[in-house]
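Structure record follows, encoded as structure tokens.
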Amino acid sequence: MADAGPSNRTNHFAASYDLTTKIISALVVVFPLVIAAIVHSIFIGGLGLLIAFFAFAYSPRAYVVTDRAIEVERLIGNVEVPLEDVRETRRINTDDLRGGIRLLGSGGLFGYYGLFRTTRLGRCTWYVTNRKNVVVIIAQSKTTLYSPDDVDGFLEAIRASMPVREA
């Protein structure tokens, strides 16, 4: 087969959990089981495990950067975020997260993902598992946050794929 050229180039980046995510997730999994054992309710234990399963299934596992998009790998189905009209890509700073509230999503159970709002970034979509490695991508239509284990490699892959302005 002939080489298809740069349009098939991909870069894979792992997304590990930070310590806080691990602790919150472990407590949320164990707590309903303990309560279920105390009150002898299979329903409570099952409900707790079902919630934990879906939170785990929606949690980002890894990111794949292609020439046109970032694909967020999840057990329940991948999400593709187009790299169109990207204005800026960089590591996040503490000011970016000030005044942050979760609108819809997870705030620590197997990651921080879903729809959030911060004072500086406004409405944004998070696909974060480790708060120490957060990258923000600001496009004309959408602001997204990611947390690859290899932040520098991730930013380099995006910048190689799209002409973006560095902060």
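General observations
- Heavy-atom accessible surface of the chain, averaged per residue, reaches 57 Å², computed with a 1.4 Å probe.
- For the stretch 62-149, average projected area of the Cα convex hull in nm²: 5.5
- Accessible surface of the stretch 1-149, 1.4 Å probe, proportion on carbon and sulfur as whole %: 61
- Surrounding net charge for Ala69, when Lys and Arg each add one and Asp and Glu each subtract one, Cβ distance under 9 Å: -3
- By average C-beta atoms within 10 angstrom, highest first, the peptides 95-108, 49-62: 49-62, 95-108
- Of (i) 1.05; (ii) 1.08; (iii) 0.94, the label for Rg/Rh (Cα atoms, Kirkwood Rh) derived from the coordinates: (i)
- Normalised by the number of residues in the chain, the average gap of Cα pairs under 8 Å and 6 or more apart makes the relative contact order 24 percent.
The values are calculated or read from the model by the stated rules, or taken from the named source; none is laboratory data. Small disclaimer: the values here were computed from a predicted structure and weren't measured. Heads up, the Cβs are rebuilt from the backbone with ideal geometry, glycines too, and the neighbour counts pull from every protein chain shown. Accessible surface areas use protein heavy atoms only, side chains included; no ligands, DNA or RNA. Shrake-Rupley method; radii C 1.70, N 1.55, O 1.52, S 1.80 Å.
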